[in-house]
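> Take this structure first; my questions come after.
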Amino acid sequence: MKYLSLDEIRFLNVDINCICNAACPGCARQEGYVYRNPNTPNGEYMSISTWKKIILPLKNQLDKIILCGNYGEPGASPNLPELIKWTVDACPALFKVQFDSNVGVNNTKFWTKLGKLSKENPHITLHASIDGLEDTNHIYRRFVKWNKVVENLKAYNDAGGMSCWKMIKFPWNSHQHEEAKTLAKELGCSTFEFNITNNDSSPFYDMYKKNKKDWWDREVFNSSTESNFNPTEDECLAYKKDYTKQYSNVNSISCITKDDNGIHANWDGKIWPCCWYGGAIHHGHSPIKELVKYETDYVYKEHWNDVNHFTLEEIMNSPFYTNDLMDNQQTNPSIMCTEVCGKCDDKWNRIHTRTQYSEEDKKAISL
């Protein structure tokens, strides 16, 4: 069974870089919620040429692009305004271009440029990930400076940009909901969202309290001594068998991104079916990374899904996308497919972003 053919793709999710000013405890780049995992990628961003190799074959059919990655902060890509401007000019069917950011990176000139682009093209929207106020935002958005956030967000909005302040509800910021909504309006945001998290946040907060004096110390953050982790195929398969025991009730897979007619691209030009695959392939100290390689790269050989070596059409016509991905979902699904898209008697196996809120909770409040 085919995943998607080239002409069926309508949605593109992109991890546009692996650069970030923040160190959010729940991010895949972290080790033990406190330290940077040195085995994860760092410092690269997608070039214009790579971007065009992905977009051009889809330019007349793409209707939605979201820049929200596993390892990167879109605002850290110096060419972001250029990428967005070129894309909206090239893709006549686009009705949504969303980029998620902690807004604490780069400068007001950069954000003013993005705001002007949004004013000219109202379907360009910033989702500002700001999880609290001056005294709480940094607990999860570690290293993000509050004054920088306010300056950049105001510059973007003052330039006419469309923005949504998207705040995750944590135990330490839930009392600030109304105050944050008021500030969002004062700073010119178009909408406000107050969302719950699908993760247990207590370990984050425990580590914050334990390491509070070092929370702003990058030397501490970079002091991890984790070494490379390269388990054998047998070790990976044993890990998978043990890990998926918690999902023994799963009796079907309902692929979310296939239903959305979507694919995911990483900054290196590699095409994955979803952000969960795109994230797993770079997991640091985890058998999941090697397990994905044993199921993909070691089967189809190096660069099999890289637009810098094959056309997007050739990639979508590869055995992985034409047969193996969907067939394996029925017989031997990946950890990601089981965990994220697994169902038991037509009910979702776990709470994820598609189902964690009621429709009312998911609705952004106009300001």
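The values are calculated or read from the model by the stated rules, or taken from the named source; none is laboratory data. Only a predicted model underlies this, so the values are computations on that prediction, with no experimental measurement involved. Reconstructed Cβ throughout: ideal geometry from the backbone, glycine too, with neighbour counts over all protein chains shown. All accessible areas refer to the heavy atoms of the entire protein, side chains included, with ligands and DNA or RNA removed. Shrake-Rupley method; radii C 1.70, N 1.55, O 1.52, S 1.80 Å.
> Set the bar at 29 Å for Cα to Cα. Now go through Lys258/Lys301; Lys154/Lys209; Lys241/Lys270 and name every pair that lies beyond it.
Lys154/Lys209
> May I pose another question? Arranged from highest to lowest average of other beta-carbon atoms within 10 Å per residue, in what order do the peptides 218-224, 54-60, 333-339, 14-20 appear?
Result, highest mean first: 14-20, 333-339, 54-60, 218-224.
> Where the accessible area of the chain is counted over protein heavy atoms with a 1.4 Å probe, how much of it, in %, is carbon and sulfur?
The value for the chain is 47 percent carbon and sulfur by accessible area.
> Percent of Cα-Cα pairs more than 16 Å apart in the stretch 1-64, please.
61
> Bin by bin, in steps of 10 Å, what percent of the Cα pairs in the stretch 156-230 do you find, going until the bin that has the longest distance?
Once binned at 10 Å, the Cα pair distances of the stretch 156-230 give 15, 29, 29, 20, 6, 0.
> Another question, if that's okay. Could you work out, for the chain, what percent of all Cα-Cα pairs fall into each 20 Å distance bin, beginning at 0 Å and stopping at the bin that holds the largest distance?
Pair shares across the bins are 28, 61, 11.
> Could you give the alpha-carbon Rg of the stretch 51-96 over 2.2 N^0.38 Å, rounded to two decimals?
It is 1.16.
> Then there's this: Taking only the C-alpha atoms, wrap a convex hull around the stretch 115-240 and report its volume per residue in Å³ as a whole number.
Looking at the stretch 115-240, the number lands at 177 Å³ per residue.
> Report Rg(Cα)/(2.2 N^0.38 Å) for the stretch 78-144, keeping two decimals.
Taking the Cα Rg and dividing by 2.2 N^0.38 Å, one obtains 1.27.
> Moving to a separate point now. Given 0.36 nm per residue, what is the gain on full extension from Ile48 to Asn107 after removing their alpha carbon distance, in nm?
Separation in residues times 0.36 nm, less the Cα-Cα distance, equals 19.1 nm.
> Shifting gears a bit: If I take every Cα pair under 8 Å that is 6 or more residues apart in the chain, average their sequence separation and divide by the length, what percent do I get for the relative contact order?
Answer for the chain is 23 percent.
> Okay, next question. Keeping every protein chain present and rolling a 1.4 Å probe, give me the accessible area per residue for the stretch 1-104 in Å².
34
> For the stretch 207-279, report the accessible area per residue in Å² (1.4 Å probe, heavy atoms, rounded to an integer).
56
> Could you rank the peptides 43-49, 140-146, 23-29 by their average count of other C-beta atoms within 10 Å per residue, with the highest value first?
Result, highest mean first: 140-146, 23-29, 43-49.
> May I ask you to order 289-295, 91-97, 125-131, 304-310 by the average number of other C-beta atoms within 10 Å around their residues, highest value first?
Descending packing order for the listed peptides: 125-131, 289-295, 304-310, 91-97.
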